[in-house]
1. So is K108 closer than 22 Å to A151 by Cβ and among the charged types (D, E, K, R) or not?
2. Output yes when any residue across region 223-234 is acidic (D, E) and at pLDDT 95 or above, and no when none is.
3. Within the group G177, G202, which residue is at pLDDT 95 or above and more than 11 Å from ligand 1 (Cβ to nearest atom)?
4. Suppose the filter is touching a residue at least 40 places away in the same chain (Cβ under 8 Å), more than 13 Å from ligand 2 (Cβ to nearest atom) and not in a helix (DSSP H, G or I); does G100 pass it?
5. Being more than 13 Å from the chain's Cα centre (by Cα) and not in a loop (DSSP other than H, G, I, E, B) is the filter here; which residues of region 164-198 pass it?
6. Anything in region 118-163 that is in a loop (DSSP other than H, G, I, E, B), surrounded by 22 or more Cβ atoms within 10 Å (Cβ to Cβ) and within 10 Å of ligand 1 (Cβ to nearest atom)? List them, or say none.
7. Just a yes or no: is a residue in region 81-104 β-branched (V, I, T) and touching a Ser or Thr at 6+ places or on another chain (Cβ under 8 Å)?
8. State the number of residues belonging to region 290-343 that are polar (S, T, N, Q) and more than 22 Å from H162 (Cβ to Cβ).
Amino acid sequence: MTTLLTVNPEHLETADAKRAIALAGDILKNGGLVAFPTETVYGLGGNAFDPHASEKIYAAKGRPSDNPLIVHIAEMDDLERVAAEIPEEARLLAESFWPGPLTMILKKRPELPDETTGGLSTVAVRFPSHPVAQAVIAAGGGFIAAPSANASGRPSPTLASHCAEDLDGRVDLILDGGPVGIGVESSIVDLTEERPVILRPGYITGAMLKRILGDVDTDPAILPREGPEDASFRPKAPGMKYRHYAPRGTMTLVEGDDDEVAAYICDRAKEAQEAGRRVAVIASAETASRYGELPVYLAGRRQVPDEVARNLFRILRQCDEDRAEEIYAETFHEGELSAAIMNRMEKASGHRIVRVPSGYRDNRKEHEYDNSIGE
Ligand code: AMP
Ligand code: MG
């Protein structure tokens, strides 16, 4: 049975909040699972030093057990308890970005169970800034393994109701701390190689990391690419090889000039509707009005990428709830956060990307004209 409790992150001093956090702590210390809000997405927590708790996390999510978990801490000094070596770069990054949405890969200490790190000799560590996350981690003993609190493959949860949708009956407690602030998972940087490597783009951008570290590489697995996933491809972060964030419908990203994109999406969506399929259009606030009667899911203002990041997973889930079969999405390349946004959108679409040729609308008009003459 899953208990659901609400905790206001701004009022952790109330008796109700204290009771909820204490319950979370007891569950975690006894090997149970708790879903809780962080500043990025909701996490599914278990005691990182308890191999059975990690196994339960994999089972609850249906996650392949070679996809390691991120260990969350709530005190700077606790880093030494999970990481065997702390290079200077890690100290600098921690000073700049912790607590916050940055995960670092470091060599692991032998005491940390293999179950938690998916058998790797390295560990992913993060110190989140969300007050509820910090309180839960501290109450649970200080070391909480927590992947995103979604069923494996589904969009990450940005609301407590998303956790309940995927994990009801599979976790002991869900703490509802309201909507998350960022909406995409933490940036991951690997510090175990000669040069730092970004394994997952997030709110802490490549440019921000470069300001602290100088040169930073990017894992080829997260560079934009087209076409279906290649099964033989082995990215450094094991999680990146799995289908992820995906809605149930077929999602297509449509690239190009705004007007051409809108025209193309209108055409394809209407064709799909005529064929009896349920469609959804993911569009920006600025371009939403171009889709007429089609069902538009608002990602946010193009000029405010934070909004798009915060809304993305919620609208992908909304598409599922509305049983959309064909999803056409605009792309979002504005601002530094676009690397994180497009990484999720490309994975969600299984890298189905259409580039609309310039002149599409003009050719279409001729085409329509031809048709009408023929009739
Ligand atoms: P999630 O917890 O759902 O945000 O996913 C965690 C991500 O961190 C996955 O993509 C993992 O593959 C990655 N990760 C966790 N531990 C490691 C590690 N030791 N080395 C590389 N990637 C890791
Ligand atoms: Mg995840």
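The values are calculated or read from the model by the stated rules, or taken from the named source; none is laboratory data. These figures come from a predicted structure and were not determined experimentally. Using ideal geometry, Cβ is built from the backbone for each residue, glycine included, and neighbour counts are taken over all protein chains shown.
1. Working: closer than 22 Å to A151 by Cβ: no; among the charged types (D, E, K, R): yes.
In short, no.
2. No, the conditions are met nowhere in region 223-234.
3. Of the residues listed, the single one that is at pLDDT 95 or above and more than 11 Å from ligand 1 (Cβ to nearest atom) is G177.
4. The answer is yes for G100.
5. A164, E165, D166, L167, L173, I174, L175, D176, V189, D190, V197, I198
6. The answer is A146, P147, A149, N150, S156.
7. So far as region 81-104 goes, yes, one or more of its residues are β-branched (V, I, T) and touching a Ser or Thr at 6+ places or on another chain (Cβ under 8 Å).
8. Here the count works out to 3.
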